[in-house]
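Below is one structure, written out as structure tokens; comments come after it.
The values are calculated or read from the model by the stated rules, or taken from the named source; none is laboratory data. Quick caveat: nothing in here was measured; it's all calculated off a predicted structure. In case anyone asks, the SASA skips ligands and DNA or RNA and just uses the protein heavy atoms, side chains included. Shrake-Rupley method; radii C 1.70, N 1.55, O 1.52, S 1.80 Å.
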Amino acid sequence: YFAENWGMVAEAVQTQGVLPSFLDPETRLSMVSVADIGRVAAELLIDGGPEVVELAGAAEYTTADAAKAFGAALGREITPAYAPLDQVVPTLQGMGVAGLAPLYREMYETLNAGGLPFEFPERVRRGEVGLDQAVARLVG
């Protein structure tokens, strides 16, 4: 999960003080920043490396953690709001992405069920950019 995925709801967070999400409130995910993806890709291009590198975020986070990161960046309390999975398709259809909506529902179902395990755990690299830093860049 990209930490910057929260940018899709940043306007709602800023205007309404609510962080809407289809992620179960208890789900902890590795949220990797695109800055870490770029940094690691550049390192591999320069230094070489294995053909497969799995990149994890700096830590695992919940939706509540994302709300706290937004709150810290905005200087006010942000409330996480879980939307049920049966709302994924109609919500995304209303946003004009009807063709992708079922795939997003499948993604959220998978993430809420524990996510996708790393295929090569011995090759996992941790990112350096925390969710708080990624969110601050989104609203800064």
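May I ask for the distance between the Cα centers of region 1-17 and region 66-121, given as a whole number of Å?
So the separation of the two Cα centres works out to 10 Å.
With both bridge residues required to lie in the chain, what share of the DSSP beta bridges run antiparallel, to the nearest 5%?
20
Provide E128, E60 ordered by accessible surface of protein heavy atoms (probe 1.4 Å), highest first.
From most accessible down to least: E128, E60.
Ignoring ligands, DNA and RNA, what percent of the 1.4 Å accessible area of the chain is carbon and sulfur?
55
How much of L74 can a 1.4 Å solvent probe reach, expressed as accessible area in Å² and rounded to 10?
So the heavy atoms of L74 present about 50 Å² to solvent.
For n ≥ 4 DSSP H runs only, could you compute -39500 (n - 2.57) per run for the chain, divide by its residues and tell me the 222 nm figure to the nearest 500?
Helix contribution divided over all residues of the chain: -13000 deg cm²/dmol.
So for the chain, averaging the separation of alpha carbon pairs under 8 Å that are six or more residues apart and normalising by length, what relative contact order in percent results?
38 percent.
With every protein chain in place, what's the accessible area of F2 (1.4 Å probe, Å², nearest 10)?
100
So what is the diffusion coefficient of region 78-132 in µm² per second by Stokes-Einstein at 10 °C and 1.306 mPa s, using a Kirkwood Rh over Cα pairs?
It comes out at roughly 115 µm²/s.
Compute the convex hull volume of the Cα atoms of the chain, divide it by the residue count, and report the result per residue in Å³ as a whole number.
122
Probe 1.4 Å, all protein chains in place: accessible area of R28 in Å², nearest 10?
140
Taking a 1.4 Å probe, which of R123, R137 shows the most accessible area, and what order do the others take after it?
Ranking R123, R137 by accessible area, largest first, yields R137, R123.
Let me check something: with ligands and nucleic acids excluded, how do Y1, Y104 order by accessible area (1.4 Å probe), largest to smallest?
Result of the area sort, largest leading: Y104, Y1.
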